[in-house]
């Protein structure tokens, strides 16, 4: 078992920088309490603000450093006021997904008691599912090569068998793992197979892969129906897998179900590399005010610890990850904290202090 890990840290822009520092404090605290490995942080400057200073968004030597690290921890990147000449926002996080082949975008959708509820209807049923978004192709395939004339614009949706099989295998393995933890053990494919041939192709591959996992349920839903189902009965789902653009949209819908992007962590995983970051953006409207909710950043860091645990056979990292989630849960369950997206005044520092206090208290899984 490794005694230390090299972590590439990309704070990025806006509130990304503001939530990263407390996140590293929480990580170090959790690992110290669990007598876990040391994390060696390699700070890397990239993103929109870096582009405005240097004319490049991500230096090639820094990309190489990130690729060589055991994991990549990212804050948030991009500013609406800083763009490439063709109008696109600065997005090194997309470069990481594409160049490192991080095909599985993992978006846990879990509601924490004590967070104000946004969902109408049955409010007593637990919301806890995972959306898997393919992150390297789909409708994002030609984003860096726009086909635009004064008369028309064309984007291409590309789905390949190789990437789809990897994506579905990842999803079924996750469902199998969750089944051992008491979840249903079901994978739902989201597509538009009734209209677009590319999605019919996508679904047929899904059904083929499903036969390899007879212990896991498999079904498929059209994306428009799924948008309605997630509002009416999100508790019915376990693992949900879909194409890049659909996943981009539905993951924000899912975040809305649990209180907002400030509560929504994410990971982009490939076969050898992974990036962990909150689902939210850089929030220029609140940057520099100490208002940012760091919860999604903390939960993303916990996902990183789980990934390190699985990849490097380090059970203590799993325990540290669970201690972070337990500390977050205890913080909001107390009813004492309300962040700015809910109209409250509990800022970055207040939430961080509460999570650290709960980490060190009886709620810690490593106590």
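Coordinate-derived values only; no laboratory data. Computed from a predicted model, the values in this text were never measured in an experiment. Here the Cβ positions follow ideal geometry from the backbone for every residue, glycine too, while neighbour counts run over all protein chains shown.
If the segment from residue 117 to residue 6 were pulled out straight at 0.36 nm per residue, it would be longer than the present Cα-Cα gap by 36.2 nm. Give, to the nearest whole percent, the P(r) tail of the range 117-258 beyond 18 angstrom, counting all Cα pairs. Summing the P(r) of the range 117-258 above 18 Å gives 57 percent of all pairs.
Highest-first packing order for the peptide set 256-264, 162-170, 128-136, 2-10 is 128-136, 256-264, 162-170, 2-10, based on the mean count of other beta carbon atoms within 10 Å.
At a 10 angstrom cut-off on C-beta neighbours, averaged per residue, how do the peptides 12-20, 315-323, 338-346, 352-360 rank from highest to lowest?
On the way: 12-20: 26.2, 315-323: 22.0, 338-346: 16.1, 352-360: 19.9.
So the order, starting with the most tightly packed, is 12-20, 315-323, 352-360, 338-346.
Under the simplified labelling scheme, the residue 228-residue 43 pair shows an inter-label distance of 5.2 nm, with each label point 7 Å from Cα along Cα→Cβ. Counting only DSSP beta bridges with both residues in the chain, the antiparallel share comes to about 45 percent.
Defining a contact as two alpha carbons under 8 Å apart and six or more residues distant in sequence, what relative contact order in percent does the chain show? Kindly include the intermediate steps, with their values, before the conclusion.
Values: 753 pairs, mean separation 82.9, N = 367.
Computed over the chain, the figure is 23 percent.
Judged by the mean number of other Cβ atoms found within 10 Å, the most tightly packed of the peptides 271-284, 179-192, 201-214 leads the ranking 271-284, 179-192, 201-214.
Compared with the alpha-carbon gap, the fully stretched path from residue 253 to residue 289 is longer by 10.3 nm at 0.36 nm per residue. Eigen-decomposition of the gyration tensor built on the alpha-carbon atoms of the chain gives equivalent ellipsoid semi-axes of 29, 26, 21 angstrom, largest listed first.
Percent antiparallel among DSSP beta bridges with both residues in the range 117-258, to the nearest 5? List each step's numbers first, then the result.
Numbers: 3 of 17 bridges.
Of those bridges, close to 20 percent are antiparallel.
Report the Cα centroid-to-centroid distance between the range 150-174 and the range 271-310 in angstrom, as an integer. Value for the Cα centre distance between the two parts: 24 Å. Using R₀ = 56 Å, calculate the FRET efficiency as 1/(1 + (r/R₀)^6) where r is the Cβ-Cβ separation of residue 245 and residue 35; round to 0.05. Here the calculated transfer efficiency is 0.80.
Please work out how much length the chain gains when fully extended from residue 181 to residue 165, using 0.36 nm per residue of separation minus the C-alpha to C-alpha distance, in nm with one decimal. Walk me through the numbers on the way to the answer.
Values: separation 16, 0.36 × 16 = 5.76 nm, distance 2.46 nm.
Contour length minus Cα-Cα distance gives 3.3 nm.
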